[in-house]
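> I'd like to ask you about the structure that follows.
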Amino acid sequence: MRIMAAAALLIALLLPTPVQAESTAAPPTGCGFHNLGTLPLTGATTAGTALDARHPQGPRVYSVTSSASGPALLGIRDARDGRLIGERPLPLALGSWAVTVAPDHSVYVGSYNGTAGAMGRLFRYTPSTDQVSELGIPIATETFIWTVAASPDGSAVYGGTSPTGKLFRYDTATGAYTDLGSPVPGDQFVRDLAVGEDGTVYAGVGAVSMKVAVLSPDGTLQRVIDPPIEGSGYAYDVDVAGRHLLVRFGTSTGTNPMGVYDLDERKWKDVVPDVDSLTVGGGKHGHDLYLFQNSELARYDLETGKITKLGFTEYGEGAARPLGWLGHTLVGTSSTGRIWHFDRKTGQGRLLDGTLTGQPVSIRSLGAGPDGRIYAGGFFTGGLAAYDPATGEAAYWPNVGQSEGIVTHKGKLYLGVYPGARIYEFDGTAPRLLLDLGGQEQDRPFAMISAGDWLAFGTVPKSGTHGGALGLLDPATGRTVIRRDIIPGHSIIGLAYRDGIVYGATSAFGGTSTPRGEAVAFAYDIATDSLLWQSTPVPGDLALGSIAFDGAGRLWGLTPDTLFELDPATGRTVRSVKHQTYPWSSATQVWLDTHLVFHKGFLWGKVQGKAYRIDPGTMALALIARPISNLTLGPDGHLYLSRFENFYTYRVC
């Protein structure tokens, strides 16, 4: 899930949406573990999609709907009216950003799945037989296939991956894979691909350099094109239009410029600001290119650089993706699964009815609300659900972003939302934005606590960057204190509070796969705005995780492999015990793998997919449930847990 997290979409926070509520089974009684079923977190999220405008039975749109525990579904629709033709499962795939149509109308899908043994797989859908074939794992180390592109002659399909930024070639005749290596060593992602009419492959990489590698059809590296802008991030979208290479950059500062590169003259000729299409192309008529800029469809003249806004914005929420042309009608989709049309002759657009089947969404985060309910944030699609332990009723708000942190502060609920490390206050109708740290290269506010008058939070920075932030926000006055890089190069992933002091725990990983030293614990005095101490509680560990006080005022921490007690006054490690092993030497990103709370004389923790009751006296861990992804203590004094879309309680008696 840590790898998948790098693939999250921007889900807009919109105007107030009516709450969807449903009744569930009666609340359980008695002690111990109980299955509560699923919360009403569903959605049709389609990051990967493609158009076959020349299909012999009529034009088709292919879209992959992600699913919490799988399988993802390949949706097949009529591009003219949105009619659903069929949905086919993709075994062992949780979703896809990578869909392409080959010249013979075969559809190739690259998938993602961080589960051991599942990995990133390639699939082929053959329309003539209506069959999906699973083509295996192209590269054994890679969990995520971000992009696929077919050669013009149909002889090959290329794919780009993470976490080691590799490129592969699939021979469509023999079924053989060739590992083409990392075109730009040191970058974790081959984020997008385009293949020119002559078979030249253009590979956009990140999360550091934003370069574009140019390769021959056999995968031989010809040259590398440096970006026309400074900074770090991704060559996020790549397309070829005539003699022009188009690259949309996703930068660590949150800007999204598009570079226009002349392939004949081998130089950048223009940089277009604020391009937010997931695919910069959309078909060409003469010199015109169609893209989205600030959520509005626009026409860009490749020769003059002139941009004309077209007034079309009703594309179905989420992120818009232009796909191609049916005559003079531009066809596209949104990340919410909707198909839209824009007629370039009339200047009119329309949104087709949604026909894809919504799939369960993984629970990303859990937190206790001020109203006695348990709140759950959805992964990728977003959404927010609430469960009432007293009645068993659940409620759902679909138009809420991916909440990384959920906390109650002074009688109100607060959400830390990805991307941009946005902090929202939520009153049950619509989230109200209080703070956005995207411009400060921050992305994921996992750690959130109530700290006296302050709401305190810790963040992970954007991909390609180092240096998370410790933040303080007073919702009553709007005053903020942001301390980026308080521990140089580290992310802040765990927080605790007592008597005016915020205690923190870090991950040495920022937005790259390279850690900066060992993980650190620290104490920050709010009144003096200063660090009191910092220490290394577990030498060798690259991430600490959750920290919490017990009833006796002792400060505890739980890392992926160690339980430790700290002296709050000095940061000295009082005791520690190794509870299991962890592969630090091969870890490429470790942010939030633990959760720890104190209740009724025990510590209760989640680590490495297991939930434990922990005796503070003996430091012994007793397993209570597995596999588990999230854990929180409810206002009713019982634990609430989740795994994928499944929701549970452990009643503490």
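> When residues of region 219-235 are filtered for being in a strand (DSSP E or B) and at pLDDT 95 or above, how many remain?
At the first step, the residues of region 219-235 found to be in a strand (DSSP E or B) are 221-225, 233-235.
Now drop any that are not at pLDDT 95 or above, which leaves 221-225, 235.
Residues that pass the stated criteria total 6.
> When region 198-218 is examined, which residues are found to be open to solvent by 10 Å² or more (accessible area, probe 1.4 Å) and assigned to a strand (DSSP E or B)?
202, 209
> Which one is farthest from residue 401 (Cα to Cα), of the residues in region 355-367 that are assigned to a loop (DSSP other than H, G, I, E, B) and open to solvent by less than 50 Å² (accessible area, probe 1.4 Å)? Before you say what the answer is, go through the steps one by one.
Kept after step one, since they are assigned to a loop (DSSP other than H, G, I, E, B), are these residues of region 355-367: 355-358, 361-362.
Narrowing further to those that are open to solvent by less than 50 Å² (accessible area, probe 1.4 Å): 355-356, 358, 361-362.
Values: 355: 22, 356: 21, 358: 17, 361: 13, 362: 13 Å.
Within region 355-367, the match that is farthest from residue 401 (Cα to Cα) is 355.
> For region 426-469, which fully contained strands (runs of 3 or more DSSP E) count at least 1 residues that are touching a residue at least 24 places away in the same chain (Cβ under 8 Å), basic (Lys, Arg) and surrounded by 20 or more Cβ atoms within 10 Å (Cβ to Cβ)?
Details: elements: 431-436, 442-451, 454-461.
In region 426-469, 442-451 are the strands (runs of 3 or more DSSP E) which contain 1 or more residues that are touching a residue at least 24 places away in the same chain (Cβ under 8 Å), basic (Lys, Arg) and surrounded by 20 or more Cβ atoms within 10 Å (Cβ to Cβ).
> Select from region 560-590 the residues that are closer than 22 Å to residue 531 by Cα and open to solvent by 10 Å² or more (accessible area, probe 1.4 Å) and write down the one among them that is nearest to the chain's Cα centre (by Cα). Break it down into steps so the answer makes sense when it comes.
First pass over region 560-590, keeping only residues closer than 22 Å to residue 531 by Cα: 564-574.
Checking which are open to solvent by 10 Å² or more (accessible area, probe 1.4 Å) leaves us with 565, 567-570, 572-574.
Values: 565: 33, 567: 36, 568: 34, 569: 37, 570: 37, 572: 36, 573: 35, 574: 37 Å.
The extreme case among them is 565.
> Any residue at all in region 261-271 that's open to solvent by less than 40 Å² (accessible area, probe 1.4 Å) and among the charged types (D, E, K, R)?
Initial filter on region 261-271 (open to solvent by less than 40 Å² (accessible area, probe 1.4 Å)): 261-263.
So of that shortlist, the ones also among the charged types (D, E, K, R) come out as 262.
Checking region 261-271: at least one residue is open to solvent by less than 40 Å² (accessible area, probe 1.4 Å) and among the charged types (D, E, K, R).
> Separate question: Going by the conditions given, is residue 238 under 25 Å from the mean Cα position of the chain (by Cα) and either hydrophobic (A, V, I, L, M, F, W, C) or on the phi < 0 side of the Ramachandran plot (or both)? Walk me through how you get there before you give the answer.
Details: under 25 Å from the mean Cα position of the chain (by Cα): yes; either hydrophobic (A, V, I, L, M, F, W, C) or on the phi < 0 side of the Ramachandran plot (or both): yes.
Considered against the rule, which asks whether it is under 25 Å from the mean Cα position of the chain (by Cα) and either hydrophobic (A, V, I, L, M, F, W, C) or on the phi < 0 side of the Ramachandran plot (or both), residue 238 comes out as yes.
> Given the criterion in a loop (DSSP other than H, G, I, E, B), of a type in the set (Ser, Thr, Tyr) and modelled with pLDDT of 95 or more, identify the matching residue among 128, 111, 133.
Numbers: 111 fails: in a loop (DSSP other than H, G, I, E, B); 133 fails: in a loop (DSSP other than H, G, I, E, B).
Only one candidate passes the filter, namely 128.
> Identify the single condition in (1) outside any loop (DSSP other than H, G, I, E, B); (2) on the phi > 0 side of the Ramachandran plot that residue 254 does not satisfy, given that it satisfies every other one.
Tallying (1) outside any loop (DSSP other than H, G, I, E, B); (2) on the phi > 0 side of the Ramachandran plot, residue 254 fails exactly one: (1).
> Name the single residue that is farthest from residue 310 (Cα to Cα) among those in region 331-344 being of a type in the set (D, E, K, R) and modelled with pLDDT under 95.
Here is the first cut: in region 331-344, the ones of a type in the set (D, E, K, R) are 338, 343-344.
Next cut, modelled with pLDDT under 95 only: 338, 344.
Numbers: 338: 20, 344: 9 Å.
This residue is 338.
> Tell me which residues, restricted to region 294-351, are open to solvent by less than 30 Å² (accessible area, probe 1.4 Å), touching a residue at least 40 places away in the same chain (Cβ under 8 Å), closer than 25 Å to residue 97 by Cβ and not in a strand (DSSP E or B).
318, 319, 335, 337
> Quick check: anything in region 138-158 closer than 29 Å to residue 609 by Cβ, part of a strand (DSSP E or B), out of contact with any helix residue (DSSP H, G or I) (no Cβ under 6 Å at 6 or more places or on another chain) and in contact (Cβ under 8 Å) with a residue 40 or more places away in the chain? Let's see the steps before the verdict.
Taking region 138-158 first, the residues closer than 29 Å to residue 609 by Cβ are 138-146.
If we keep only those that are part of a strand (DSSP E or B) too, we end up with 144-146.
Then keep just the ones that are out of contact with any helix residue (DSSP H, G or I) (no Cβ under 6 Å at 6 or more places or on another chain); that gives 145-146.
So of that shortlist, the ones also in contact (Cβ under 8 Å) with a residue 40 or more places away in the chain come out as 145-146.
The answer is yes; a qualifying residue exists.
> Scanning region 411-425 for residues that are in contact with an Asp or Glu (Cβ under 8 Å, 6 or more places away or on another chain) and over 24 Å from residue 463 (Cβ atoms), which turns out surrounded by the most Cβ atoms within 10 Å (Cβ to Cβ)?
Going through the qualifying residues, I end up with 414.
> Can you pull out every residue in region 478-506 that is open to solvent by less than 40 Å² (accessible area, probe 1.4 Å) and in contact (Cβ under 8 Å) with a residue 60 or more places away in the chain?
Selection gives 491, 493, 494, 501, 503.
> Evaluate region 502-522: report whether one residue or more is touching an Asp or Glu at 6+ places or on another chain (Cβ under 8 Å), part of a loop (DSSP other than H, G, I, E, B) and at pLDDT below 95.
Scanning region 502-522 turns up at least one residue that is touching an Asp or Glu at 6+ places or on another chain (Cβ under 8 Å), part of a loop (DSSP other than H, G, I, E, B) and at pLDDT below 95.
> Given the structure, is residue 370 open to solvent by 50 Å² or more (accessible area, probe 1.4 Å) and either assigned to a strand (DSSP E or B) or closer than 30 Å to residue 444 by Cα (or both)?
Numbers: open to solvent by 50 Å² or more (accessible area, probe 1.4 Å): yes; either assigned to a strand (DSSP E or B) or closer than 30 Å to residue 444 by Cα (or both): yes.
Here the answer is yes, as residue 370 does meet what is asked.
> Oh, and also: State which residue is nearest to residue 103 (Cα to Cα) when the search covers only region 128-163 and only residues that are surrounded by fewer than 18 Cβ atoms within 10 Å (Cβ to Cβ) and of a type in the set (Ser, Thr, Tyr).
Across region 128-163, the extreme among qualifying residues is 155.
The values are calculated or read from the model by the stated rules, or taken from the named source; none is laboratory data. On a predicted model such as this, the values are computed, not experimentally measured, just so you know. Neighbour counts run over all protein chains shown; Cβ positions are idealised from the backbone, glycine included. Note: areas computed on protein heavy atoms with side chains; ligands, DNA, RNA excluded. Shrake-Rupley method; radii C 1.70, N 1.55, O 1.52, S 1.80 Å.
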